Amino acid sequence: MLVAPIYGGGGTRYKNLEAFASGLPVVTTSIGIRGTDAKDGIEVIIRDSPEEIADAAVDLLQNEILYKKIATNAREMVKVKYDWDPIAKKLSSIYEELGARL
């Protein structure tokens, strides 16, 4: 499990995507998950206070079903939305559209 209590900064947190791709569930803040499409309770656990983050991490470790559900959903999300193939297809489509305009 990755616990990432992030309270500032900008951009995508690649450590989250790496954990998702590795099959590890993530507990982070609403700021820490910005830049991804992960949803609380589906692909990630989002809590904002230190106490809530700690409680969520303990709960996740004690609930094997939830642990596996979050990890599996997150891994699938990364595969579908952040893998090179879908990204390359999207970029190719954009380039083709731009080329047609020229």
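Residues checked against (1) part of a helix (DSSP H, G or I); (2) under 16 Å from the mean Cα position of the chain (by Cα); (3) at pLDDT 95 or above:
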| site | (1), (2), (3) |
| --- | --- |
| T72 | yes, yes, yes |
| E76 | yes, yes, yes |
| V80 | yes, yes, no |
| D85 | yes, no, no |
| S92 | yes, no, no |
Check your understanding: If the Cβ limit is 9 Å and pairs must be 6+ apart or interchain, which residue in region 19-40 that is aromatic (F, W, Y) pairs with which residue that is assigned to a loop (DSSP other than H, G, I, E, B)?
Key -> F20/T36; F20/A38; F20/E43; F20/Y82
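How many residues does region 3-46 contain that are crowded, with 19+ Cβ neighbours inside 10 Å and either more than 16 Å from N73 (Cβ to Cβ) or not aromatic (F, W, Y) (or both)?
17
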Review point. If you go through region 35-70, how many residues are in a loop (DSSP other than H, G, I, E, B) and under 16 Å from F20 (Cβ atoms)?
Key: 8
Exercise for review: Assess whether R75 counts as being surrounded by 12 or more Cβ atoms within 10 Å (Cβ to Cβ), of a type outside the set (A, V, I, L, M) and within 20 Å of G9 (Cα to Cα).
Suggested key: no
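The values are calculated or read from the model by the stated rules, or taken from the named source; none is laboratory data. In this text, all values refer to a predicted model and were calculated from it rather than measured experimentally. Every residue, glycine as well, gets a Cβ built from its backbone with ideal geometry; the counts of neighbours run over all protein chains shown.
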